[in-house]
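J.: I'd like to ask you about the structure that follows.
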Amino acid sequence: MHCKKTILLFSVVIMTVQVMSADLPRSGFFGIAPESTEENGEVVIQRIVPSSTASQLGLKVGDKLVKVNDLKINSFSNVLTVVQENAAGSTLKVSVIRDGEPQILSGKMLARPKETSDIARVKYGVVEHGKDRLRSIIHTPLSIEEDEAAPTIFFIQGYTCSSIDYGMMPNVTTLQLVNQFVEAGYQVFRMEKPGIGDSQSVKGCADISFEEENNAFLSGLRMLKQHKAVDKDRIYIWGHSLGMLHAGVLGNKEKVAGVIGYGGVYKNWYDYMLDIYQVQSVKHFGVSPEQAKNNVELITPFLNLLLNTNTPWNDIVDNSDTKRAIEAGLVTVDGDRYFTRHYSFFRSLNGYNFSELWQNISAPVLMIYGSLDIQAIEPSWTEQVVNVNKNNKSLALVLEGAEHAFMRYKNQQEYQSARESGAFNPIEPNGKFDERIGNKTIEWLAKL
């Protein structure tokens, strides 16, 4: 089965805890990425960020996490929860299995350093959102005066509940994209989702709906419009992956100067999820067409109950069709969560008619598709968005060799080989960062 890869989205897992800072408690940094974020499975370390807590503890790639401070680890979300309960400076005791032998490692939780830049002033701030206080980060070109109202790109991240605070990852592809925009004279604004990084929230990212998440981004957009150092007539939303869907919703709620999407989808979520099992698995993960057909037959009843009805979650989980899909490895359930997010996230997401949203946006849109994108699957959505938007400045682009995490490969074979060998690494892209994505955005913005 291909289920471990069906929701493979660009993410680097950053586990956070709180330490005091001037505006928001500053997060600590554990710094690992697991082989799989699938629920109800063992947690094996795939990557360790240099100079992180995990690195200082002596954890190694391949270690299987068993306990953290005597609390048993049953899934990666458990790891996040356990680590977040330990303040920076406190002692962590981590039990692992290494090369078949148990080991216990201990040390202090380290605080996470902030992002820095040679070409921008980097300011950490706060988005007030109801009872939540969400971390924001803005990069302003050094060429722009402190109080000058500058054109601003609001970058919205994708699906996962991972932090966008990349102080320990200066070469990550997302920051390289940010730097391109800064060098072109745009300041770039990003913000954490509820419960992520330094953010203080009533509910965490994994337990909110798509609508609740979007409302948080809406608060960030409205805050930008009130900021004296932001030109409110030149705010552009740049949505990556699921962030493109957020961008479509925000563009209907607030007037913006332009909307850019990369690696997203156009159709409703129910149809997209069927494509994950029918098309993506065959195109990118070697599942046979016959097996894909069988998988779709198994998963469809579950998806229909989840996305097209208001059936209570417990009834869905207890449904015999759902149990068959779980047994086949096509569905991962952990309490109220499905594929690491609360079930209401997908249900609320499926309630949006994105065709109508893009049609109603008065701003011009730039839609970019990478030919090697695992998540977007098909290039047709770029043209579909532009066609319904009908703004004469809207544009659809297809970049050959571009993939979902802003990297570039010669062909499908090279890309697949990099993924299978472990050479694929958006944290340290080693010359694979795809500058065309930023360059095409900057060229389009200049024509507006």
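The values are calculated or read from the model by the stated rules, or taken from the named source; none is laboratory data. It should be emphasised that the depicted structure is a prediction, and the values quoted were computed from it without experimental measurement. Note that each Cβ is placed from the backbone with ideal geometry, even for glycine, and that neighbours are counted across all protein chains shown.
J.: Considering only the range 257-273, state which residues are within 20 Å of Val182 (Cβ to Cβ) and surrounded by fewer than 23 Cβ atoms within 10 Å (Cβ to Cβ).
T.: Correct list: Ala257 only.
J.: Specify the residue that is surrounded by the fewest Cβ atoms within 10 Å (Cβ to Cβ); the eligible residues are those in the range 135-170 that are more than 16 Å from the chain's Cα centre (by Cα) and more than 18 Å from Val230 (Cα to Cα).
T.: That would be Pro170.
J.: Out of the range 85-121, which residues are surrounded by fewer than 15 Cβ atoms within 10 Å (Cβ to Cβ) and β-branched (Val, Ile, Thr)?
T.: Thr91, Ile104, Thr116, Ile119
J.: So which of Ile368, Ile361, Ile427 is of a type in the set (A, V, I, L, M) and over 18 Å from Gly251 (Cα atoms)? Don't jump to the end; show me each part of the working.
T.: On the way: Ile368 fails: over 18 Å from Gly251 (Cα atoms); Ile361 fails: over 18 Å from Gly251 (Cα atoms).
Of the residues listed, the single one that is of a type in the set (A, V, I, L, M) and over 18 Å from Gly251 (Cα atoms) is Ile427.
J.: Out of (1) assigned by TED's automatic domain parsing to the domain that holds Arg419; (2) out of contact with any strand residue (DSSP E or B) (no Cβ under 7 Å at 6 or more places or on another chain), the odd one out for Asn319 is which?
T.: (1)
J.: Also, quick follow-up: Taking the stated definitions as given, is Ser77 touching a strand residue (DSSP E or B) at 6+ places or on another chain (Cβ under 7 Å), buried (at least 16 other Cβ atoms within 10 Å of the Cβ) and outside the structural domain of Glu192 (by TED's automatic domain parsing)?
T.: yes
J.: Here's something else I'd like to know. Considering Pro102, Pro34, which residue is at pLDDT 85 or above, under 21 Å from the mean Cα position of the chain (by Cα) and not aliphatic (A, V, I, L, M)? Spell out the reasoning first.
T.: On the way: Pro102 fails: under 21 Å from the mean Cα position of the chain (by Cα).
Being at pLDDT 85 or above, under 21 Å from the mean Cα position of the chain (by Cα) and not aliphatic (A, V, I, L, M) holds for just one of Pro102, Pro34, which is Pro34.
J.: Scan the range 417-442 for residues that are without any contact (Cβ under 8 Å) to a residue 40 or more places away in the chain and surrounded by 14 or more Cβ atoms within 10 Å (Cβ to Cβ) and report the count.
T.: The number of residues fulfilling the criteria is 5.
J.: Something else: Any residue in the range 319-339 that's at positive phi: show its pairings with residues that are surrounded by fewer than 18 Cβ atoms within 10 Å (Cβ to Cβ) at Cβ separation under 6 Å, as long as the two are six or more apart or on different chains.
T.: Gly329/Met1
J.: In the list Pro194, Pro113, which residue meets the criterion of being closer than 30 Å to Arg341 by Cβ, in a loop (DSSP other than H, G, I, E, B) and outside the structural domain of Ala257 (by TED's automatic domain parsing)?
T.: Details: Pro194 fails: outside the structural domain of Ala257 (by TED's automatic domain parsing).
Result: Pro113 is the single residue among Pro194, Pro113 that is closer than 30 Å to Arg341 by Cβ, in a loop (DSSP other than H, G, I, E, B) and outside the structural domain of Ala257 (by TED's automatic domain parsing).
J.: Take the conditions touching a helix residue (DSSP H, G or I) at 6+ places or on another chain (Cβ under 8 Å), among the charged types (D, E, K, R) and assigned by TED's automatic domain parsing to the domain that holds Ala216 and apply them to Asp132. Does it pass?
T.: yes
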